[in-house]
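Here's the structure we're looking at; comments come further down.
A short reminder: the numbers here are calculations on the coordinates, not readings from a lab. A quick note: this is a predicted structure, and the numbers were derived from the prediction, not measured. Because the Cβ atoms are built from the backbone with ideal geometry, glycine has one as well, and the counts that use them run over all protein chains shown.
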2 protein chains.
Amino acid sequence: MATEIATLGEFGLINHLTKSIELQNPETRYGIGDDCAVLKYGEDKDILVTTDLLMEGVHFDLTYLPMKHLGYKSVMVNLSDIYAMGGMPKQITVSLALSKRFSVEDMEDFYDGLRLACEEHQVDIVGGDTTSSRTGLAISITAIGEVEHGKAIFRNGAKETDLICVSGDLGAAYMGFQLLEREKEVYYKQIETAKTDAERMAISQPDFSGREYLLERQMKPEARRDIILKLREAGIQPTAMMDISDGLSSELLHICTQSKCGCRVYEERIPIDYQTAVMAEELNMNLTTAALNGGEDYELLFTVPIADHEKIEQVEGVKLIGHITKESLGCALITRDDAEFELKAQGWNPLKK
Amino acid sequence: MATEIATLGEFGLINHLTKSIELQNPETRYGIGDDCAVLKYGEDKDILVTTDLLMEGVHFDLTYLPMKHLGYKSVMVNLSDIYAMGGMPKQITVSLALSKRFSVEDMEDFYDGLRLACEEHQVDIVGGDTTSSRTGLAISITAIGEVEHGKAIFRNGAKETDLICVSGDLGAAYMGFQLLEREKEVYYKQIETAKTDAERMAISQPDFSGREYLLERQMKPEARRDIILKLREAGIQPTAMMDISDGLSSELLHICTQSKCGCRVYEERIPIDYQTAVMAEELNMNLTTAALNGGEDYELLFTVPIADHEKIEQVEGVKLIGHITKESLGCALITRDDAEFELKAQGWNPLKK
């Protein structure tokens, strides 16, 4: 008997394999099911652990992503998970499997990116594993961080009437991806049709002017340490939080499912950059769909008690996009013309068909 | 400019990339260069972290290794690193990248092995990442453990006159690997030459009777928790320790280099199982070479002060194989006929030619 994994998808498979796992150690406070696991080895602090496995051809395309950016991004996606629990990252381990086409210089570039990301976030590289691969590059990073004991912010703490907040803006990384994919195709087509050396020399590099923000969001995402620090400064303890890696819709549904509640988010309040809007127009894509499902934003999505309304409005770079409701009301988007649409997780799922 | 990675090898590359890394956080006690990193988040305990990345076709062969064994072994190789610091493992994270040929049932088998290993060692599975891969299977496991503050055993603590000890016996996992590879070839040859269905039906399964120990050592290695507990019970604090994954020679050289000392090990004292000896004879291989360089034993190699001589002789399953000397004497094997050979690291190095 062989059941295709695509029938379950990523979250279905994980749930299927791990649902019967029982935690045995008192040092394990929280296991599978959030951005990080939470461990307790001392009195004052809880430890956060998160890990990601990035595979060439699935998670990144070296045709346009330079090794240095890849190193930087690989760290950021993990740090983002630590911040998403309200914690501060402290260490990472880095494992790499390399095929023969990679050189020492490639690895130096990769490590330059790693180190830059670590310096910016005061994180130590404390170990790892470097080995070979039959094809392509595999990158596995584990990040470890800390949070004051009992202050880790889970996905399951949202309560009715809580306000839903999001940092930065959404959809730009996805538009950056679309742009890069389009230019890659154009480039390959030019190479295919060029018949003489002169024609090959004449192949133009794509012009990305006016699109810099989209590229930066795709190729050099920033984990939102600043937002965590600002929330602490403002004395705000979010009731639930996660980072947006698979798209706002998908993540909102995680929070609502785990918190056993519903939500209303308002289309007009979803923060979107001007370049994202222009690009969506150019590609004839629905802008709201891109912002809801695009993924790779690495912004923070969180809920705060309604009593913190005034405080949160003072926090720069955070936008209120809706509120939490009781479970029976479901999860819905309210459009500009006041129509209500059920939110669906159409975000990225590498194990779905 | 492109320098082939093979010119540096695994340890050379890691050293090249990480030599200039400076640790920034007070919570980081020890970074790259041992079996684990050592972190400090509380008063009484230090935290150990280790990680491994296993790639199909490089680290395991699913032609003969069942998924359940692969799950078990993947955990053991990480737990072994925690024990190698004198600690107790508490949690693991498990990341998997799967190509389309894997089914839900394959993953269930893999998780059965994972869970069995975790139960036996009282370890919690606390998180991970499950994603897709273009080809084959990639497994990344991070293990977290604890050790009493200040009691982590590093590679760099061996002192002149210390006794060199090893648990269990060596070379069996390597002989198991040789046996499996031989039988795989025989099997494929039979399939190639079989012309009729009857001939195909007649292809015999290999007979492994009398070789069970070799297969078990290769396919179901056991991390030596028992030895750590026995050493604690006997009141012995090793001065240096690591686990034997790449071969005794290679690991001894790591300890001597990092401890700035030399060593003498005695061929006649190296513990070798009867089945290992028979198999080496049959394959016309040098037995001592297999025991020195075979790898994948996952036994513990450690040094103790000479004052603990009597105590260590009482510990079951541990054998004295030599002693530490001053650095200028180098690292040597004394053969049965009293000849002295310099020890060389000929162990497994996935990034060497």
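In this assembly of identical copies, the label point of A:Ala277 (Cα plus 7 Å along Cα-to-Cβ) is separated from its counterparts by 8.3 nm, sorted shortest first. Sorted from shortest to longest, the distances between the B:Asp337 label points of this copy and the other copies are 9.6 nm, with each point 7 Å from Cα along the line through the beta carbon. Among the GluC sites (Glu not before Pro) in the stretch B:1-98, those placed in a DSSP loop whose Cβ has at most 16 other Cβ atoms within 10 Å are B:Glu22, B:Glu43. Think of the stretch A:25-148 as having a plus end and a minus end, set by charges on the Cβ of Lys, Arg, Asp and Glu; of A:Asn25, A:Thr135, A:Val38, A:Thr135 sits farthest toward the positive end of this dipole. The residue list A:Tyr187, A:Leu229, A:Asn293 was ranked by how far each Cα lies along the charge dipole of the stretch A:183-308 toward its positive end, using unit charges on Cβ atoms, and A:Leu229 comes out on top.
Charge dipole of the stretch A:225-353 (Cα centre as origin; +1 on each Lys and Arg Cβ, -1 on each Asp and Glu Cβ, all else neutral): 520 debye, rounded to the nearest 20. Among rounded, prolate and oblate, which fits chain B when a ≥ b ≥ c are the square roots of the eigenvalues of its C-alpha gyration tensor, a/c under 1.5 means rounded, and a/b larger than b/c means prolate? In terms of gyration-tensor shape, oblate.
Run the numbers on chain A and let me know its relative contact order in percent, using alpha-carbon pairs under 8 Å that are six or more apart. Taking the mean separation of contacting Cα pairs over the length of chain A, I get 23 percent. Bridges between two residues of chain B, per DSSP, are antiparallel at a rate of about 80%.
Sorted fewest first by neighbouring Cβ atoms within 10 angstrom, B:Thr18, B:Thr135, A:Thr276 come out as B:Thr135, B:Thr18, A:Thr276. Sorted ascending by nearby beta carbons within 10 Å, beginning with the fewest, A:His149, B:His121 become A:His149, B:His121. Shape class of the stretch B:97-221 from the alpha-carbon gyration tensor: oblate, with a/c at 1.5 or above and b/c at least as large as a/b.
Residue-level result for chain B: its Cβ closest to the axis carrying B onto A, with that distance in Å, is B:Gly42, 1. Both radii were evaluated on the Cα set of the stretch A:25-148; the Rg over Rh quotient, with Rh as the Kirkwood radius, amounts to 1.01.
Computed on the stretch B:26-148, with alpha-carbon pairs under 8 angstrom and 6+ residues apart, the relative contact order is 37 percent.
Only helical runs count toward this figure. For the protein assembly as shown, summing -39,500 (n - 2.57) over DSSP H runs of n ≥ 4 and dividing by all residues gives -10500 deg cm²/dmol at 222 nm.
Counting neighbouring Cβ atoms within 10 Å and putting the fewest first, the residues A:Asp226, A:Asp169, B:Asp338, A:Asp246 line up as B:Asp338, A:Asp226, A:Asp169, A:Asp246. Sorted from nearest, the other copies put their B:Ala234 label points 6.1 nm away, the label point being 7 Å from Cα in the direction of Cβ. The largest-to-smallest principal axis extents of the Cα set in the protein assembly as shown are 91, 65, 52 Å. The loop-placed chymotrypsin sites (Phe, Trp or Tyr not before Pro) in the stretch A:175-208, going by DSSP, that have at most 15 neighbouring Cβ atoms within 10 Å of their Cβ come out as A:Phe208. GNM on chain A, alpha-carbon springs under 10 angstrom: the most fluctuating residue among A:Thr288, A:Thr28, A:Thr131 is A:Thr131.
Applying 0.36 nm per residue to the separation of B:Glu327 and B:Lys100 and subtracting their alpha-carbon distance, the gain on full extension is 76.5 nm. Shown here for the stretch A:62-170: trypsin sites (Lys or Arg not before Pro) in loop regions (DSSP other than H, G, I, E, B) with at most 12 other Cβ atoms within 10 Å, namely A:Arg101.
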